[in-house]
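All remarks here apply to the structure that follows.
The values are calculated or read from the model by the stated rules, or taken from the named source; none is laboratory data. Nothing here was measured: the structure is a model prediction, and the numbers come from that model. Don't worry about glycine lacking a Cβ; one is built from the backbone with ideal geometry, like all the others, and counts go over all protein chains shown.
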Amino acid sequence: MESFFSVLTAAVADFAEHGFDSEQRLRRWVDAIRAAAIRDSVPDVEVQVRLRDSLTDVFRRAVKEGGLLADHPGLSRFRLAQLEPRLHDELERRIMTSANLIRLNRDEAIEATVRRFSGWASSVPPGGTPVRDRVAVKRDVRKGLAQLDFVERRVAIDQGAKFMANLSDIVAHDAGALAGVWHSRWRVPGYQYREDHKERDGKTYAVRGSWALERGLMKPGPAGYVDGITRPAEEVFCSCRYKWLYGLRQLPQDMVTKRGRDELARTAAESYAA
């Protein structure tokens, strides 16, 4: 089987010599280029194995080793272990989602390559024409495929961030978080942050329907609710995160109602008396 590059080299040479003299010639080379590009691509099964290894490592560090607890102060390892089966379901879902996305990007890159070749080849007049820089032609035709490894690595990194954010979100809602404090990475050198995400940094967003809201012990602050904005890692290449709050004492004072302050005072008095 010829490599993609050798097939593309032969196709460019053929059109430089004969030009676009028939649809049949163009179709033959388009089919050959597409087939060679598919052959040179990483097989689907290998992509899935790589993703499974990468995301399983994220899962191990986050759940089995307790890394998620850094964003859930006060939550016990025992409670995290109780949630592990549900979190594992998210692992399987994310593997399939990531593999499908990489496959889609690859298919789009192959079709873009075919379109570039077809566009160039159909512009060559019958009888051919001198192509002074065939290397440049080939470089332009294959540039989407040439960047595919980089794109797939970026997708894997982004999917890892989304996976981590989803795990944290599941834990927060199942364990009864009251609010989340947005943390942006805008201070990290080289990080391409979104301006609105930087503006959210340090703001506290209430979880709608929490037990403390329903009992009138707290209220949403000026920032509003977590479901009123995009979630961390929801947008492409976002690495923001929430630090989740579970107790009234962790909330900003302007989010605790008078009833909430009375409840805190009562529990403090009972604790002192005991």
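Being surrounded by fewer than 14 Cβ atoms within 10 Å (Cβ to Cβ) and acidic (Asp, Glu) is true for just one of Glu270, Glu263. Which residue is that?
After applying the criteria, what remains is Glu270.
So which pairs qualify, if the first residue must be in the range 51-64 and in the same structural domain as Ser98 (by TED's automatic domain parsing), the second must be among the charged types (D, E, K, R) and surrounded by 17 or more Cβ atoms within 10 Å (Cβ to Cβ), the Cβ gap must be under 7 Å, and the two must be at least 6 apart or on different chains?
Short answer, once both residue conditions are applied: Leu55/Arg94.
Can Ala233 be described as under 32 Å from the mean Cα position of the chain (by Cα) and either of a type in the set (A, V, I, L, M) or surrounded by fewer than 19 Cβ atoms within 10 Å (Cβ to Cβ) (or both)?
Criteria met by Ala233.
So, in the range 77-100, how many residues would count as being among the aliphatic types (A, V, I, L, M), closer than 22 Å to Trp244 by Cα and in a helix (DSSP H, G or I)?
Number satisfying all stated conditions: 4.
Which one is nearest to Ala156 (Cα to Cα), of the residues in the range 224-274 that are without any contact (Cβ under 8 Å) to a residue 40 or more places away in the chain, of a type in the set (Gly, Ala, Ser) and not in a helix (DSSP H, G or I)? It would help to see each step written out before you state the result.
Within the range 224-274, the subset without any contact (Cβ under 8 Å) to a residue 40 or more places away in the chain is 224-225, 227-230, 249, 253-254, 256, 258, 261-262, 264-274.
Narrowing further to those that are of a type in the set (Gly, Ala, Ser): 224, 228, 265, 268-269, 271, 273-274.
If we keep only those that are not in a helix (DSSP H, G or I) as well, we get 224, 274.
On the way: Gly224: 32, Ala274: 53 Å.
Ranking the qualifying residues of the range 224-274, first place goes to Gly224.
Is it the case that the range 160-176 has a residue that's loosely packed, with under 14 Cβ neighbours inside 10 Å and either touching a Lys or Arg at 6+ places or on another chain (Cβ under 6 Å) or among the small types (Gly, Ala, Ser) (or both)?
The answer is no, given that none of the residues of the range 160-176 is loosely packed, with under 14 Cβ neighbours inside 10 Å and either touching a Lys or Arg at 6+ places or on another chain (Cβ under 6 Å) or among the small types (Gly, Ala, Ser) (or both).
Can you work out which of the residues in the range 118-134 that are at pLDDT 85 or above and surrounded by fewer than 12 Cβ atoms within 10 Å (Cβ to Cβ) is farthest from the chain's Cα centre (by Cα)?
Ranking the candidates gives Pro126 first.
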